[in-house]
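First the structure, in the form of structure tokens, and then the observations on it.
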Amino acid sequence: MKRVGYWIDVKRNKVPNLKDQKETFRNAGIELVRLDIDQPLTEQGPFDLILHKCNGLLVAAEAGDSTAERQINNIKDYIKENPSCILVDKFEHIQPLLNRHYQYQLVHDPLLNSGYNVFVPSFVNLTTADKESNMLVQKLREANVTYPFVCKPIVAQGNDDSHLMSIIFDENGVKDIKTPCVAQSFINHDSVLYKVYIVGDKPFIVEKPSVKNLSATGQDTIKFDASKLTRLNSLTTGWVEDGRATPDQDRIKEICLIIQEQIKMDLFGIDVIVDCENGRHAVIDINAFPGYESVNNFGEVLCNHLMNLMSCVETVSGDTIQYYDAEKAGPNETTSIQLCNEHCMVHTYQSI
């Protein structure tokens, strides 16, 4: 029986609820143990793998929260003392994703140079100093950020404000920018967002309502919570059922591979929109360990992936440990991609 310790902040994250998945894991030969990260983990172990969603703790620790820092260090100390224990995912890989500007910088060039007609919309980091020195308009122009554009908090996840955004329509609205933030050109996408959830090498696509098509009309700044958009929201009334651009599954697969190569993570999500003018696919956000809402049988998918990770740990010599991901498909192997909506349609394709 393998032992997997896990920690998810249940107050902040209602999903995934691993407590309800214990039977699924036990049937697969895994004992699922909720960690007490307020205490050293040595007495709670041993563990073959530790699964965590500490995004909020990482943000708090970065801001100087000593309790969060101690909790993170309890996990780090256990991994340091037990190098054969797998950590999903590593803190140093998650950290860059918590800053929107860093994550955009990380994937901008690899996506643009991929040859798959994929891009990150033009963006720029705006600071309080920029606003105080009246440099906002100049920086927007230099970065080729066009109107309308979206202002997003620098912190991408892990706190209550990470989804609070605004849309600026012209230069008169620049005064409404709340710094620090990332400003990013708004791309019309027929009010549909594709959330791509990844577990290992398995992507699942879920349709979500998004902001309607807009133009630089000089209207007042719009402020909204991106996590609370629905089809009934006045900001999403441009939802198009027929004739809208849909994601190219092979392109989505390549996006996942390119981003995974950059971030080196097993559990992450990508927000993708399709430009309704030309069909180009745009990546507008990347999230560490998302909620996996609407992904059927997520507990089973996660369980299988973690079991594969643990089965692929090999002792090479002495204390040297190497990790091999058995789920990375070979050049001729079949990989599946799930396109999920309310009824979760499933499609399969061959790896290229």
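The values are calculated or read from the model by the stated rules, or taken from the named source; none is laboratory data. Bear in mind the structure is a predicted one, so any value in this text is a computation, not a measurement. No Cβ is skipped: glycine too gets one built from the backbone with ideal geometry, and neighbour counts run over all protein chains shown. All accessible areas refer to the heavy atoms of the entire protein, side chains included, with ligands and DNA or RNA removed. Shrake-Rupley method; radii C 1.70, N 1.55, O 1.52, S 1.80 Å.
The HN-Hα couplings worked out from phi for the stretch 87-97 by the Karplus form 6.51 cos²θ - 1.76 cosθ + 1.60 (θ = phi - 60°) are 10, 10, 9, 5, 4, 5, 8, 6, 3, x, 6 Hz, whole numbers, x standing for Gly and Pro.
With contacts taken as Cα pairs under 8 Å at a separation of at least 6 residues, the stretch 158-305 carries a relative contact order of 27 percent. Close amide-amide hydrogen proximity is noted between TYR6 and VAL33, ARG34, LEU35, LEU51, each under 5 Å apart and 5 or more residues distant or on a separate chain (H modeled in the peptide plane; Pro and chain starts excluded). If R0 is 22 Å, the Cβ-Cβ spacing of GLU132 and ASN172 corresponds to a FRET efficiency of close to 0.70. Put simply, the amide H of ASP89, placed in the peptide plane, has neighbours under 5 Å in HIS52, leaving out anything fewer than 5 places away on its chain. Extents of the stretch 109-187, taken as max minus min of Cα coordinates on every principal axis and listed largest first, are 40, 30, 21 Å. Within the accessible area of the stretch 110-208, the carbon and sulfur atoms contribute 49%, probe 1.4 Å, all protein chains present. For LYS76, the lysines whose Cα comes closer than 27 Å to its Cα, not counting residues fewer than 8 places off in the same chain, are LYS2, LYS11, LYS14, LYS19, LYS22, LYS53, LYS90, LYS264, LYS328.
Between ASN99 and ALA156, the built amide H atoms are under 5 Å apart, and every one of these is 5 or more places off in sequence or on another chain. Which part of the stretch 52-66 falls in the paramagnetic zone of ASP161, meaning amide N under 18 Å from the point 7 Å along Cα-to-beta-carbon? Correct set: 56-65. For ILE222, what is the net charge nearby, where nearby means another residue's Cβ is under 14 Å from its Cβ and Lys, Arg count +1, Asp, Glu -1? Here the count lands on +1. Over the stretch 1-158, accessible surface divided per residue gives 50 Å², non-protein components excluded, 1.4 Å probe.
Residue separation of ASN17 and ASN296 scaled by 0.36 nm, minus their Cα-Cα distance, works out to 99.1 nm of gained length.
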